[in-house]
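Okay, so here's the structure we're looking at.
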Amino acid sequence: MDLRILRISKQYKSFYIGSAITLTLIACAVFAEYMSPFDPISQDMSAILKPPNPKHWLGTDYLGRDIFSRIIFGSRVSLMVGFFSMLFALISGVGLGLIAGFYGSWIDNIIMRITDTLLAFPRLVLALTITAFLGQSFWNVILALSITGMPVFSRLIRGETLSIMTRDYIRSAKAFSASKSRIILVHVLPNVMNLVIVQASLSIAFAILTEASMSFLGLGIPPPHPSWGMMLQSGYSYMGVAPWLALAPGIVIFIAVLGFNFLGEWIEHYIAHMAR
Amino acid sequence: MNWESSTGMPLLEVKHLRTHIPVIDGIVRAVDGLDFSLGSHESLGIAGESGCGKTMVALSIMGLAPFFTKRILQGQVFFKGKDLLKFDNKELSEIRGNKIAMIFQEPMTSLNPILTIGTQISEIFIRHEGVDQTSAHDKSIEMLGMVSIPSARKTLGQYPHQLSGGMRQRVMIAMALACRPEILIADEPTTALDSTIQAQILELIKDLQNQVGTSIIFITHNLGIIAESTQRVIIMYLGQAVEMGSVFDLFDRPMHPYTQALLNAVPKLGTRSKEGKKRLEEIMGSVPNPVSMPSGCRFHPRCPKRNRKCEEHEPELWEAGSGHLVRCWL
Amino acid sequence: MFPHIVRRLIYLVLVLFIMSAIVFFLMNIVTGDPVVIMLGQSATQETITKLREQLGLNRPVIVQYLDWISHVIRGDLGDSYTLPMTVSEVILQRFPVTIELTLLSMIFSLIIAIPLGIFAAIKFNSKTDITLMGFSAACISMPNFWIGILLILLFSLKLNLLPASGYVPFLTSPLKNLRLMILPVVTLSIWYIAVYMRFTRSTFIETLRSDYILVARAKGMQERRVLWVHAFKNTLIPLVTVVGVNISGLFGGAVVTETVFSLPGLGRLLVDAILGKDLPLIEGIVLFITTAVILCNLVVDILYVTIDPKIRYD
């Protein structure tokens, strides 16, 4: 890793902030049981809607549950949803994009028309609709987000594949009648990975945001799993009485999304510099 | 031109010009101590490999360094007795395009794709001569005629992407000469064009020079153009002038090993490789990183005749014949 | 130029068909037996079979689809399960709110973002620029409903300046309408302001680095003319594309914004419909919104083709 690049202060900050945030979140998700003082779903009716205090660092919600613990456990939900939906979107999107770019002609046309149509649906609307019909569950939400997140990857990869295909070394590989899958895997894929990694990070960020929106509307991950979006919903309901309910989950979502955005941006800068 | 005869001073006098650009790794000394002068009706050539700083000289004279870089300009550039480096952007913009004009290398990207040709030429007249739209329009037609573009009226309404490379370069020339500038700087005007068009464009430039009476600075790596179109030449290497003199002197008795090598590398005047860059097969090595220059004489790592002194001490320019200057220990 | 427009129109029809097919598929194949949903779990097998026969659900899928499409084109979207109106009626009633919200947000975000972007570009790498970039990075990462909540907390509950919810039709009282729309529009716009500002800035910087700008300066053009006549329009053209791409997101954001601010628009209607399992209504809204997005994209495409001389004069 060429550390000279990190001397440029802007990229320097992006990297440190982005990776710090991401690592912290992952730690929270993995070690949630050890890190949170309370059980996130245990209710304590004697301590309803209490503001932040030494016992409950971020206060309690309308069922007496400790907010701080819920936030830590919520990271598990958000990260898993973000990661898995990105993963499935990536695999399907990259796969379709490679096929479309590699084979061209009518295959490309069909794949692209489907992609375009998927993109015409507002992402949130489509995700909500899919979840509505399949039923609200953890994996259905992931499925919905994967389907809506796929077009970004397929478009990106298809474009890149097309431009790589026109390069001479591909033509010579074809002339030597290398098997098609070999060409794809050995020649095209590595060149495309750079873009994929950048987009992956950004996709996680966007998936976390979308999932939060869905849960906020009550149409995302079902209770009792603590989800930051859902916590914001109760924050909204109890706005007048307990404003702190709305602050913490929002800040955490913000930090998480920011972290992944920064990470993606930094990877992009890094790749651009390496290319020089 | 009356300036020179009445004052006895050259039209353009460049003294100790230094243009340094700070980058991440250090400082690029693009132009490092250049001195020369240009008289009226003169044609001066500046030759060298890419990266030797020749384009930077032109940009520095016009005050046109890249927008977002901080650069350090030192020295003096006297145009008709006034130091251009002391002018602010506003004052310089009065001179650019008006008294000193420039033609650039890439006709494909040098014209604004969303403005018509007419707009791009007319605006020069409107800006510098204060005329109205209609007069500017007529003058533009006149200019297009001067550069031999047929159907001038139609061309004025077209967009750059509708013209060929050669046509675009002609438009560039028309724009540069619109206000009858006293100095025209031509930066590789033919490099990006087809070989058949190149000769035409060069002819055109020379014709117009005679008509308008401009002095020209030709910047190129092509010694053929130097031989044909210029009277004096400066050979540059890594920001410095390594040899200067009349074209005859340099071609007859080149004294700097770099000049000699450049001349040897020309198989036939006017031919070039596919990308328009001459490959210097005779000179070993390649142009070093401009941030970390060799010690002593900058050329010494590639010089076949070098000795101990060349590695340690940087040579100054000395006069080998009248007007013939060389920067070398030999 | 015309072949482009014709191509776009054909493409539009194609996408509309695929889109409607997807909606139909989701609705009728995926949801499980609609008859069971309608009659409840306790219905006998006989009643179910009879109803299926009646509703024509035993016909092949293609036929069902074509039948449905022929109704849709005529504007018949069926009856709502939960509301005493036809789906079309409800949608027509509610869509002006959503249109107003999205339109105002788009205009507002562009008005703020473009000048900010150019300002940041001119002051490249200065403290102002870096601050603006940092601020915009933050705005992109914030969930818009959270911004809405924060704005309500600040402006409605604490400062009591602006209303937190409610809606008055524009024609009834323009001023009240606008006052009620201020917070929702700002909420929805923030993300877009950040995105457009960053894009304008980077495109402007990119443009300023190009050869033709150098040439314009070399011709002696004044800086003001170089920036506004030569560089600006070149920056707007790619921006049109980016705005087009984001139109669908605008409707998505409207769903959440309408919920936060209790605006009687299509977005909130969709949420209610999903909660109430009102299938025809969900179907109708999704169709409507997506068609709107596709049409908007068509407009943007055509606009782009007309303003870019490279395409217009081929």
(request) Using R₀ = 35 Å, calculate the FRET efficiency as 1/(1 + (r/R₀)^6) where r is the Cβ-Cβ separation of C:ILE307 and C:ARG179; round to 0.05. (result) 0.50
(request) Report, in whole Å, the centroid distance computed from the Cα atoms of the range A:85-150 and the range C:191-246. (result) 33 Å
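Go ahead and estimate [θ] at 222 nm for chain B from helices alone: -39,500 (n - 2.57) per DSSP H run with n ≥ 4, summed, over the residue count, rounded to 500. Don't jump to the answer; show the numbers that get you there.
On the way: 12 runs with 111 residues, N = 330.
Value at 222 nm, helices only, nearest 500: -9500 deg cm²/dmol.
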(request) Identify, among A:PHE262, C:CYS296, C:ASN144, the residue whose Cα sits farthest towards the positive end of the charge dipole of the protein assembly as shown, taking +1 on the Cβ of Lys and Arg and -1 on the Cβ of Asp and Glu, with the dipole about the Cα centre. (result) A:PHE262
(message) Placing +1 on the Cβ of each Lys and Arg and -1 on the Cβ of each Asp and Glu in the protein assembly as shown, which of B:PRO301, C:MET181, A:ALA127 has its Cα farthest towards the positive end of the resulting dipole?
(response) B:PRO301
(message) Can you compute the FRET efficiency between C:ILE130 and C:LEU103 using 1/(1 + (r/R0)^6), with r the Cβ-Cβ distance and R0 = 35 Å? Round to the nearest 0.05.
(response) 0.60
(message) Can you find, among C:ILE311, A:SER92, B:ASN210, the residue sitting farthest towards the positive end of the charge dipole of the protein assembly as shown, where Lys and Arg contribute +1 and Asp and Glu -1 at Cβ?
(response) B:ASN210
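Only helical DSSP H runs with n ≥ 4 go in: add -39500 (n - 2.57) per run for chain C, normalise by residue count and round the 222 nm mean residue ellipticity to 500 deg cm²/dmol.
Values: 14 runs with 225 residues, N = 314.
Helices in chain C give a 222 nm mean residue ellipticity of -24000 deg cm²/dmol.
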(request) Using just the helices of chain A, give the 222 nm mean residue ellipticity in deg cm²/dmol: DSSP H runs with n ≥ 4 each add -39,500 (n - 2.57), and the total is spread over all residues, rounded to 500. (result) -24500 deg cm²/dmol
(message) To test your reading of the geometry: what angle, between 0 and 90 degrees and rounded to tens, separates the Cα axis of helix B:133-146 from the longest principal axis of chain B?
(response) 50 degrees
(request) Report the relative contact order of chain B, percent, no decimals, based on alpha-carbon pairs under 8 angstrom and at least 6 residues apart. (result) 20 percent
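What ranking of C:TRP146, C:TRP228, B:TRP329 emerges when the number of other C-beta atoms within 10 Å of each C-beta is taken as an exposure proxy, fewest first?
Numbers: C:TRP146 28, C:TRP228 11, B:TRP329 19.
Ordered by Cβ neighbours within 10 Å, fewest first: C:TRP228, B:TRP329, C:TRP146.
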(message) Under 5 Å between amide hydrogens, which residues at least 5 positions from B:SER43 or on another chain qualify, with H placed 1.01 Å from N in the peptide plane?
(response) B:ILE216, B:GLN231, B:ARG232
(request) Quick one: compute the contact order of chain C, relative version, from alpha carbon pairs under 8 angstrom and 6+ residues apart, as a percent. (result) 27 percent
(request) Name the residues whose placed amide hydrogens come within less than 5 Å of the amide hydrogen of C:LEU162, ignoring near sequence neighbours (fewer than 5 apart) on the same chain. (result) C:SER156
(message) If I take every Cα pair under 8 Å that is 6 or more residues apart in the range C:166-240, average their sequence separation and divide by the length, what percent do I get for the relative contact order?
(response) 26 percent
(request) Please work out how many pairs of lysine residues in the range B:7-155 are eight or more positions apart (or on different chains) and have Cα atoms closer than 14 angstrom. (result) 5
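Given +1 on the Cβ of Lys and Arg, -1 on the Cβ of Asp and Glu, and no further charges, what dipole in debye does the protein assembly as shown carry about its Cα centre, rounded to the nearest 20? All intermediate terms of the calculation are to be shown ahead of the outcome.
Values: 78 positive and 67 negative charges, 165 e Å.
Result for the protein assembly as shown is approximately 800 debye, rounded to the nearest 20.
Can you sort A:ARG65, B:ARG308 so the residue with the fewest Cβ neighbours within 10 Å comes first? Intermediate results must be reported in sequence, preceding the final value.
Values: A:ARG65 23, B:ARG308 10.
Result, fewest neighbours first: B:ARG308, A:ARG65.
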(request) Under a cut-off of 15 Å between alpha-carbon atoms, report the aspartates and glutamates in cross-link reach of C:LYS176, not counting same-chain residues fewer than 8 places apart. (result) C:GLU100
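What dipole magnitude, in Debye to the nearest 20, does chain C give about its Cα centre under +1 on Lys/Arg Cβ and -1 on Asp/Glu Cβ? Could you put the intermediate results ahead of the total?
Numbers: 24 positive and 19 negative charges, 293 e Å.
That gives chain C a dipole magnitude of about 1400 debye.
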(request) Straight distance only, please: which aspartates and glutamates reach the Cα of B:LYS206 with their own Cα at less than 17 Å, same-chain residues fewer than 8 apart left out? (result) B:GLU42, B:GLU182, B:ASP187, B:GLU188, B:GLU228
(request) In a Gaussian network model over chain C where Cα atoms closer than 10 Å are linked, find which of C:TYR81, C:TYR192, C:TYR212 has the largest mean-square fluctuation. (result) C:TYR212
(request) Go ahead and run the numbers for FRET between A:LEU87 and A:TYR16, Cβ-Cβ distance against an R0 of 22 Å, rounding to 0.05. (result) 0.30
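For the range B:108-178, compute the orientation-averaged projected area of the C-alpha convex hull (one quarter of its surface), in nm².
On the way: hull surface 16.3 nm².
Averaged projected hull area, Cα only: 4.1 nm².
So if I place +1 on the C-beta of Lys and Arg and -1 on the C-beta of Asp and Glu, and nothing else carries charge, what would the dipole magnitude of the range B:108-178 be about its Cα centre? I want it in debye, nearest 20.
Once rounded to the nearest 20, the dipole reads 260 debye.
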(request) Please give the helix B:117-129 orientation as an angle from the longest Cα principal axis of chain B, in degrees from 0 to 90, rounded to the nearest 10. (result) 80 degrees
(request) Would you mind ranking A:TYR238, A:TYR34 so that the residue whose beta carbon has the fewest other beta carbons within 10 Å leads the list? (result) A:TYR34, A:TYR238
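Rule-based calculations on the coordinates, nothing more; no lab input. What you see is a predicted model, and the numbers here were worked out from it, not measured in a lab. With ideal geometry, Cβ positions are generated from the backbone for all residues, glycine too; neighbour counts draw on all protein chains shown.
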